[in-house]
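Notes for the one structure printed next.
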Amino acid sequence: VEASVPEGQRAAWKKHSAREFKTKEEFENEAVRHIETTLARSLFNCDEAAAYAGTALAFRDRLVIEWNKTQQRQTFADQKRVYYLSLEFLMGRALDNAMLNVGLKDVAKEGLADLGFRMEDIISQERDAALGNGGLGRLAACFLDSLASLNYPAWGYALRYRYGIFKQEIVDGYQVEVPDYWLDFNPWEFPRHDVTVDINFYGSVSQYVDDDGKQRTVWDNGEIVTAVAYDAPIPGYGTTTTNNLRLWSSKASHGEFDFTKFNSGEYEQSVADQQRAETISAVLYPNDSLERGKELRLKQQYFWCAASLFDIVRRFKKSKKPWKDFANQVAIQLNDTHPTLAIPELQRILVDLEGLGWDEAWTIVQATFGYTNHTVLPEALEKWSVPLIQHLLPRHLQIIYEINSQFLQYVEKSFPKEKDILGRVSIIEESQPKMVRMAYLAVIGSHKVNGVAELHSDLIKTTIFKDFVKIYGPDKFTNVTNGITPRRWLHQANPKLSELIASKLGGYEYLRDLTLLHKLEAFVDDKDFRKDFQAIKYANKVRLAQYILEHNGVKVNPAALFDVQVKRIHEYKRQQLNIFGVIHRYLEIKAMSAEQKKKVQPRVSIFGGKAAPGYWMAKTVIHLVNQVGKVINADKEVGDLLKVVFLEDYNVSKAEIIVPGSDISEHISTAGTEASGTSNMKFVLNGGLVIGTCDGANIEITREVGEENIFLFGNLAEDVEDLREAHHKQGFELDPLLKRVFETIRSGTFGDAGQFSALVDSIVDHGDYYLVSDDFKSYIDTQNLIDQSYAKQEEWVTKTILSVARMGFFSSDRCIDEYAEMIWNIEPLKPETNGA
Ligand code: GL7
């Protein structure tokens, strides 16, 4: 029963209802009150951390007021909602975003100055919410920003990891992982101890006949773990719509700890169950594009899917609508295959718990789900062993088998002559042990499947899902090219550029409709504008140079060309190609006369990114970058012509400093391997250019900005397979320049060569799967072209301005509108449309 204030008393309530601050005075009032009473601090005991807390709590109050209204409004409006299921939301910091979205950052800045604090210092007190690995998690965070900004009724669902992605420390050039306990003080979350769901694991399945004589299945006698909801408000930009991100935390279902055991002296056992339960949401798996069927990971996935679906179904049931309306009220998007268990779980709820017939239920399931694929890399495609699922989720395994059997019957009927197709498309892989192919289950259980950039969406149709295109027809498969939120990735990260653009376009409307950027083209020859534009880039490079000096102790010249590659370290992303290129450049400089050196374009090579803790090759790359940096940075003959730095612990808040400070960024994956990439968009939007392969969203960036404004190189996706095959059959001739690089490494120039042998051998002896040698020459030539182009500063500035002007397509607002229209069939709900 929901408790509400009686009609007669509501006037009193409304009179005292919380008010939102608007002025500097009111802000100070709220901040100081929070510091004094919420934190129990005083005038004599207020450091920057406390000032951050006071500011955050003041803004939080504002968000909460709008959040409550939005949730009420959405409930009354009773229209279709979308639920975005993602195991990762890489949110970064919330305060700056909240201030900008609410539109009161300047007010707060002045208020803080009154109280003796600088805004930058206060903002940097906040820990990143790092509940994600990389692009996939950050995409989910950008989507939440767009969903709220566009007023879509939407919820995110994820896990409340106690430990997000680890903190990376570099010790003697090696990556060391340190736990990221980020929840010490998190003002942005609200524990909902009254919103809980009991989740079942293990147990057994039995049949019975219900009162209507129907055969029913029950799954019980398992182990129960309780999911507790933690909610975080997601404010939109330039709207009061404030959506909800719900994170589930796990705890033992039977209260605190076992007193009987405690009293009899079994102290450790008494808390063991509790710990076991809490382990489920304890830590984010730190693998990016790699799946390693661990039981705990499967438990996380089911725990989260089951809690979220229970919540969604509970909300739907309150409306008292018939089940056939479910998919008209609910759209669920599966962010990769991680939430695929939601498919058999919804089928189970409908059939076992609600008593619907199988077919009726299955129609609802398929109409509800959409699935986004984010990779074609074989090592990233999820498979779970049948015995593991049998053990942990016996009823779900039965349901998966039933789904599969009906699907295979359908395929058999449709393609009676094709014997092999059944084995190829079966959800169950006939291996030892048998495996459940989650991507196939996701395709079969959804009404739409999308890739994340045009090339990628084409590739999935011709490779991993080829048979499914034949079975379902091509319309089930579509493309939604990724995007980024311009609020965080321009307005917040690069306030000066954002202001300059606003001054030319007559305000900040372009942050709500990024296509308006095209109007900037008209200013490309405007001298003052060009000067300002250039000065902002320079200032951002100065800021980055200061950061490098502080954190790496390396002094770099802000006038040098800043060449940046920041992203997860992965062989397919080819940081090794970059560092081999740097070594090549070093060797060239070393061989030059003083006269020749004068013509060299000074450069700073900036690397950053985490390696999965178990990914040895990626860790070797980090080590090599650091060793190369150590040698080159100390080499007097090279001086400012080349510096190499590895920035520790790359994350969202650091990206906000790094991205605006780059001239060139590297997106150089082996063609056909990077599904989209999203940082490429961020760099260009901030006035940097791209060196890249014809891969992922690089291709669409080229289409938008023009070929003359991007530096493409390397083999094409369509040739990769043939090249790999040729490597194996005929072997291959190592590129001579790369050979020289390897000889230098082997000679011990960068320390004991044995440490890098796996990296070199993977190319020389093991087939060069990622085609580093094939693309090396083209990469080096293109880098030289970049030097020449950069030397013609006026041309360069023109390229960067035109590129910014042409980035409108890459707003995540455009993506969300596409999903809403093509996949979810949902409408926005504007605040004005309802008095709530
Ligand atoms: C990824 C892709 O690798 C990346 O190219 C894409 O931009 C991102 C968002 O769609 O998704 N797929 C994946 O498994 N991870 C990604 O970052 C981890």
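The values are calculated or read from the model by the stated rules, or taken from the named source; none is laboratory data. Because the structure is predicted, anything quoted here is derived from the model rather than measured. Cβ sites come from the backbone with ideal geometry, for glycine too, and all protein chains shown count toward neighbours.
Summary table below
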item	result
Residue count, the range 740-759 (criterion: polar (S, T, N, Q) and touching a residue at least 60 places away in the same chain (Cβ under 8 Å))	3
Residue within the range 151-166 that is in a helix (DSSP H, G or I) and of a type outside the set (V, I, T) present	no
Selected residue [in a helix (DSSP H, G or I) and surrounded by fewer than 16 Cβ atoms within 10 Å (Cβ to Cβ)] from E418, E360	E360
Test result for L150, within 16 Å of the ligand (Cβ to nearest atom) and modelled with pLDDT of 95 or more	no
The range 445-481, subset in a loop (DSSP other than H, G, I, E, B) and away from the ligand (no atom under 16 Å from the Cβ), residue surrounded by the fewest Cβ atoms within 10 Å (Cβ to Cβ)	G473
Qualifying residue in the range 577-592 (condition: at positive phi and either among the basic types (K, R) or outside any loop (DSSP other than H, G, I, E, B) (or both))	no
Within the range 593-631, tally of residues that are in a loop (DSSP other than H, G, I, E, B) and acidic (D, E)	0
Near pairs, Cβ below 6 angstrom, 6+ apart or cross-chain, from the range 700-726 (under 25 Å from N479 (Cα atoms)) to any residue that is among the aromatic types (F, W, Y)	E704/F809; F713/Y779
Some residue of the range 812-835 being within 27 Å of I484 (Cα to Cα) and polar (S, T, N, Q)	yes
Filter result for the condition that a residue is assigned by TED's automatic domain parsing to the domain that holds G688 and touching a Ser or Thr at 6+ places or on another chain (Cβ under 6 Å), over V644, V625, V659	V644
Boolean, I332 is assigned by TED's automatic domain parsing to the domain that holds L441, buried (at least 19 other Cβ atoms within 10 Å of the Cβ), of a type in the set (A, V, I, L, M) and assigned to a strand (DSSP E or B)	yes
Among the candidates A493, A442, A502, residue that is within 16 Å of the ligand (Cβ to nearest atom) and of a type in the set (A, V, I, L, M)	A442
V631 being at pLDDT 95 or above and either of a type in the set (S, T, N, Q) or buried (at least 22 other Cβ atoms within 10 Å of the Cβ) (or both)	no
Given (1) in a loop (DSSP other than H, G, I, E, B); (2) surrounded by 24 or more Cβ atoms within 10 Å (Cβ to Cβ), index of the condition D649 fails	(2)
Every pair of residues 6+ apart whose Cβ atoms lie under 7 Å, when the first sits in the range 810-828 and is outside the structural domain of L685 (by TED's automatic domain parsing) while the second is surrounded by fewer than 22 Cβ atoms within 10 Å (Cβ to Cβ) and assigned to a helix (DSSP H, G or I)	I826/A820
Qualifying positions in the range 344-396 - within 16 Å of the ligand (Cβ to nearest atom) and more than 23 Å from N200 (Cα to Cα)	G370, Y371, T372, N373, H374, T375, V376, L377, P378, E379, A380, L381
Every pair of residues 6+ apart whose Cβ atoms lie under 6 Å, when the first sits in the range 156-174 and is assigned by TED's automatic domain parsing to the domain that holds W304 while the second is of a type in the set (K, R)	Y157/R246; Q168/K610
